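Structure first, then comments.
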């Protein structure tokens, strides 16, 4: 092993999936890692199973922060992460995306003079009402190493005055993960038979964001629009429901349309299998927009904007908003697309490029060169 220890701070399903290629590349290079799980997602169905399927060891520590108001949650994370960084003194600490876990990890590293590396930097929705937008901007401006997935996101960083020498375009590590595990998911997952559905004969829905499900009228309009759009194509909708959304359905007394079948949250392989075989995917998730564009499945985004505009530029995604008529129109536009667009997020070597860009760590050629 090298003398370096690399820290990772993560707390949600997307962070686990997108940091897994970087963690695995560290191991290939003989670099020690220390993984801090904040506990932002705190059910086995939302995180622990992903470590197992991605071939990762359990995190070195789980802070078990759980859900709370933004300030209380972030503060608790910050205190716990700081303690871990003091104990391990990593060369660099990696964070990914835009969650409160990501913000807390970046702040802790910055306060302790540990270099912060931000995977998936530069994304902007230009919607200041999204708490994630505030997180993204703060993280990017305190990180030492910024890894935007595309030239467009790199340009946004430059426009904000971030120095060029901190920016390295690498593609997105989700391409690494999907290309690595899509075939395995197709072989091992039995989700299609378990649900009694056939490839291309169902639609998939994900909806969990606060602005989607915490507003009763918005949630009802989305469910109505998705059900109407799928009924027109004679497709059933499979909806793996997030605990937050399930709580809101009960709290608001919302009647779910018959066209939509609620199921429990899925592990990575099962969800990847549904994404790759659905006729159409409806989502409010940025990560799902990315994954469907890589898999060649057309997507309708249930928001009024996106920080992944590249998916729309290549024709993989249509941003529909939350009105039923707009959702049905977008579904008509997207359904049946061949999925032959070019993946906008790189060639699946993002993790290699990310570690090669950090001079304190050994590059791949040095590790793999014959003696």
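The values are calculated or read from the model by the stated rules, or taken from the named source; none is laboratory data. Everything numeric here is computed off the predicted structure, so don't read it as measured data. No Cβ is skipped: glycine too gets one built from the backbone with ideal geometry, and neighbour counts run over all protein chains shown.
For segment 137-159, give me the residue count where each residue is in contact with a helix residue (DSSP H, G or I) (Cβ under 9 Å, 6 or more places away or on another chain), over 21 Å from residue 93 (Cα atoms) and surrounded by fewer than 16 Cβ atoms within 10 Å (Cβ to Cβ).
1
Might you check whether a residue that is outside the structural domain of residue 300 (by TED's automatic domain parsing) and more than 30 Å from residue 138 (Cβ to Cβ) occurs anywhere in segment 218-228? First the steps, then the outcome.
Here is the first cut: in segment 218-228, the ones outside the structural domain of residue 300 (by TED's automatic domain parsing) are none.
Within segment 218-228 (the criterion being outside the structural domain of residue 300 (by TED's automatic domain parsing) and more than 30 Å from residue 138 (Cβ to Cβ)), the answer is no, since none of the residues qualifies.
Looking only at segment 258-275, which residues are touching a helix residue (DSSP H, G or I) at 6+ places or on another chain (Cβ under 7 Å), assigned to a helix (DSSP H, G or I) and modelled with pLDDT of 95 or more?
Of everything in segment 258-275, those that are touching a helix residue (DSSP H, G or I) at 6+ places or on another chain (Cβ under 7 Å), assigned to a helix (DSSP H, G or I) and modelled with pLDDT of 95 or more turn out to be 269, 270, 272, 273, 274, 275.
From the list 103, 123, which one is in a loop (DSSP other than H, G, I, E, B) and either more than 30 Å from residue 184 (Cα to Cα) or within 21 Å of the chain's Cα centre (by Cα) (or both)? Reasoning before the result, please.
Working: 103 fails: in a loop (DSSP other than H, G, I, E, B).
Matching residue, one of 103, 123: 123.
May I ask you to list pairs of residues, at least six apart or on different chains, whose Cβ atoms are under 6 Å apart, with the first in segment 308-337 being under 19 Å from residue 235 (Cα atoms) and the second being buried (at least 23 other Cβ atoms within 10 Å of the Cβ) and modelled with pLDDT under 95?
Hits for this filter: zero, empty list.
Over 20 Å from the mean Cα position of the chain (by Cα) and assigned by TED's automatic domain parsing to the domain that holds residue 214: is that true of residue 327 in this structure? Steps first, answer last, please.
On the way: over 20 Å from the mean Cα position of the chain (by Cα): yes; assigned by TED's automatic domain parsing to the domain that holds residue 214: yes.
For residue 327, the condition - over 20 Å from the mean Cα position of the chain (by Cα) and assigned by TED's automatic domain parsing to the domain that holds residue 214 - is met.
Would you check which residues across segment 156-175 are under 24 Å from the mean Cα position of the chain (by Cα), assigned to a helix (DSSP H, G or I) and farther than 14 Å from residue 355 by Cα and list them?
156, 157, 158, 174, 175
Quick one: which of 292, 297 is in a loop (DSSP other than H, G, I, E, B), under 15 Å from residue 343 (Cβ atoms) and assigned by TED's automatic domain parsing to the domain that holds residue 217? Reasoning before the result, please.
On the way: 292 fails: in a loop (DSSP other than H, G, I, E, B).
Of 292, 297, the one residue that is in a loop (DSSP other than H, G, I, E, B), under 15 Å from residue 343 (Cβ atoms) and assigned by TED's automatic domain parsing to the domain that holds residue 217 is 297.
Of all residues in segment 76-100, how many are more than 22 Å from the chain's Cα centre (by Cα) and either within 16 Å of residue 62 (Cα to Cα) or without any contact (Cβ under 8 Å) to a residue 40 or more places away in the chain (or both)?
Here is the first cut: in segment 76-100, the ones more than 22 Å from the chain's Cα centre (by Cα) are 76, 79-80, 82-91.
Still in the list and also either within 16 Å of residue 62 (Cα to Cα) or without any contact (Cβ under 8 Å) to a residue 40 or more places away in the chain (or both): 76, 79-80, 82-88.
The number of residues fulfilling the criteria is 10.
Kindly provide the set of residues from segment 349-360 that are farther than 11 Å from residue 94 by Cβ and either part of a loop (DSSP other than H, G, I, E, B) or more than 25 Å from the chain's Cα centre (by Cα) (or both), ordered by number.
First, pick out the residues of segment 349-360 that are farther than 11 Å from residue 94 by Cβ: 349-350, 352-353, 356-357, 359-360.
Within segment 349-360, 349, 357, 359, 360 meet the criteria.
Please specify each residue of segment 276-289 satisfying the condition of being in a helix (DSSP H, G or I) and in contact with a strand residue (DSSP E or B) (Cβ under 6 Å, 6 or more places away or on another chain).
If we filter segment 276-289 for residues that are in a helix (DSSP H, G or I), which is where we start, we get 276-277, 286-289.
Listed by number, the residues that qualify are 288, 289.
Could you count how many residues in segment 233-257 are part of a strand (DSSP E or B) and within 17 Å of residue 302 (Cβ to Cβ)? I'd like the intermediate steps shown before the answer.
Let us first name the residues in segment 233-257 that are part of a strand (DSSP E or B), namely 236-240.
Cutting the leftovers down to within 17 Å of residue 302 (Cβ to Cβ) gives us 237-240.
Total meeting the criteria: 4.
Which one of these does residue 315 not meet: (1) in contact with a strand residue (DSSP E or B) (Cβ under 7 Å, 6 or more places away or on another chain); (2) surrounded by fewer than 19 Cβ atoms within 10 Å (Cβ to Cβ); (3) not in a helix (DSSP H, G or I)?
Here residue 315 clears every test but (1).
Residues in segment 190-230 that are closer than 18 Å to residue 127 by Cβ, under 21 Å from the mean Cα position of the chain (by Cα) and not in a helix (DSSP H, G or I): how many? So that I can check it myself, show each step before the final result.
If we filter segment 190-230 for residues that are closer than 18 Å to residue 127 by Cβ, which is where we start, we get 207-215, 218, 222.
From what's left, under 21 Å from the mean Cα position of the chain (by Cα): 207-214.
Then drop every residue that is not not in a helix (DSSP H, G or I), which leaves 207-209, 214.
Total meeting the criteria: 4.
Residue-by-condition table, conditions (1) assigned by TED's automatic domain parsing to the domain that holds residue 290; (2) touching a strand residue (DSSP E or B) at 6+ places or on another chain (Cβ under 7 Å); (3) at positive phi:
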site: 106; (1), (2), (3): no, yes, no
site: 128; (1), (2), (3): no, no, no
site: 140; (1), (2), (3): no, yes, no
site: 157; (1), (2), (3): no, yes, no
site: 161; (1), (2), (3): no, no, yes
site: 165; (1), (2), (3): no, no, no
site: 180; (1), (2), (3): no, no, no
site: 183; (1), (2), (3): no, no, no
